[in-house]
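Heads up, the thing below is written out as structure tokens.
The values are calculated or read from the model by the stated rules, or taken from the named source; none is laboratory data. This is a predicted model, so every value here is computed, not measured. All Cβ positions, even for glycine, are placed from backbone atoms using ideal geometry, and neighbour counts span all protein chains on display.
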Amino acid sequence: MSTRTPEAPPSPPPLPPEPRRPGTAAALVAAARPRQWVKNVLVLAAPAAAGVLGDGDVIASALATFVAFCLVSSATYMLNDIGDLEADREHPTKRHRPIAAGHLPVRVVGVAVVVLLVAGLGIAYLVSWRLGVLLTGYKLLTTAYTFRLKATPTVDIVVVASGFMVRAIAGGVAVDVVLSQWFLAVTSFGSLFMVAGKRHGELLNGGDRSTRPALAHYTLEHLQFVVSMSAAVTVVTYCLWAFEHPRTSDIPWWGLSIVPFVVGIMRYALLVDRGQGGAPEELVLRDPGLRLVGLAWLALFLGSVYIH
């Protein structure tokens, strides 16, 4: 009687290769979140509206202001990631950030924060002492947000929205342009509209309350109210700004720019209602409808300023 040799069990499938660990320089660049720098284009809004971007000195000051905000905001993101380190490690997507993933030692990030702050604030004070004070105040506010204010409902929205408003104001301060009351109102409530939409998207998609503790205090109905209210005020103040602006040609450019502006607000509100407002800076660039109305508005806006 013959004995049959048992077959060997099949070998397990090979494990996928470990993802390549990025170098320190690449990890620092990723931690700086350069994709967020698009927000800092707001520093060009006031000089553009004043029609002074054709001046070489103005362009130099505006670009220096843009760089200063990029450096300081990157320092803010890194500091925030240090503060949220443990919570980020438990998050399904944020755990891949360089600091949470262990690609960057906290000590190295701390040194980078200091270097970025010194460079950013130094550039701001070189442009104007007023800009330096404004950017210093902004940094103090964002630091308070990182370690305290982001846990307080309503305050967290107002603080984040104020960051957009500070950028718009900084552009005027840097080039010594007088900011109208309607410009400030549009930027203030427009910022509130976008940030409330961001929180609405985060809550609708089950945002992580460990890194957004204020989310536990919000309801979708309340955030929808804030979105609707701020959108309405933004539209009204933009109309007042457009109609009161001095007419520079036979074509009512400012008045015509109201149409794509309102359509853009409506389109963004629709996307917010669908839960897509979680990353407004990416949504504006990714959505074809917003890109189209944005380009139409920009053409009419620049026409109102530079075509006589």
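Residue count for region 69-110 satisfying the condition of being among the polar types (S, T, N, Q) and either under 16 Å from residue 26 (Cβ atoms) or part of a loop (DSSP other than H, G, I, E, B) (or both): 2. All of (1) closer than 20 Å to residue 235 by Cα; (2) at pLDDT below 90 hold for residue 142 with one exception: (1). Residues that are within 17 Å of residue 195 (Cα to Cα) number at least 3 in the following helices (runs of 4 or more DSSP H) confined to region 256-307: 258-273, 280-286.
Taking residue 101, is it surrounded by 15 or more Cβ atoms within 10 Å (Cβ to Cβ), assigned by TED's automatic domain parsing to the domain that holds residue 71, hydrophobic (A, V, I, L, M, F, W, C) and touching a Lys or Arg at 6+ places or on another chain (Cβ under 7 Å)? Lay out the reasoning, then the answer.
Working: surrounded by 15 or more Cβ atoms within 10 Å (Cβ to Cβ): yes; assigned by TED's automatic domain parsing to the domain that holds residue 71: yes; hydrophobic (A, V, I, L, M, F, W, C): yes; touching a Lys or Arg at 6+ places or on another chain (Cβ under 7 Å): yes.
It is true that residue 101 is surrounded by 15 or more Cβ atoms within 10 Å (Cβ to Cβ), assigned by TED's automatic domain parsing to the domain that holds residue 71, hydrophobic (A, V, I, L, M, F, W, C) and touching a Lys or Arg at 6+ places or on another chain (Cβ under 7 Å).
Residue-wise test of (1) touching a residue at least 12 places away in the same chain (Cβ under 8 Å); (2) outside the structural domain of residue 60 (by TED's automatic domain parsing); (3) within 23 Å of residue 45 (Cβ to Cβ); (4) of a type outside the set (Asp, Glu).
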| position | (1), (2), (3), (4) |
| --- | --- |
| 141 | yes, no, yes, yes |
| 146 | yes, no, no, yes |
| 156 | yes, no, no, no |
| 164 | yes, no, yes, yes |
| 168 | yes, no, yes, yes |
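Scanning region 213-237 for residues that are surrounded by 15 or more Cβ atoms within 10 Å (Cβ to Cβ) and over 21 Å from residue 271 (Cα atoms) yields a count of 3. Looking across region 82-124, the residues that are under 23 Å from residue 41 (Cβ atoms) and touching a residue at least 24 places away in the same chain (Cβ under 8 Å) come down to 116, 117, 119, 120, 121, 123, 124.
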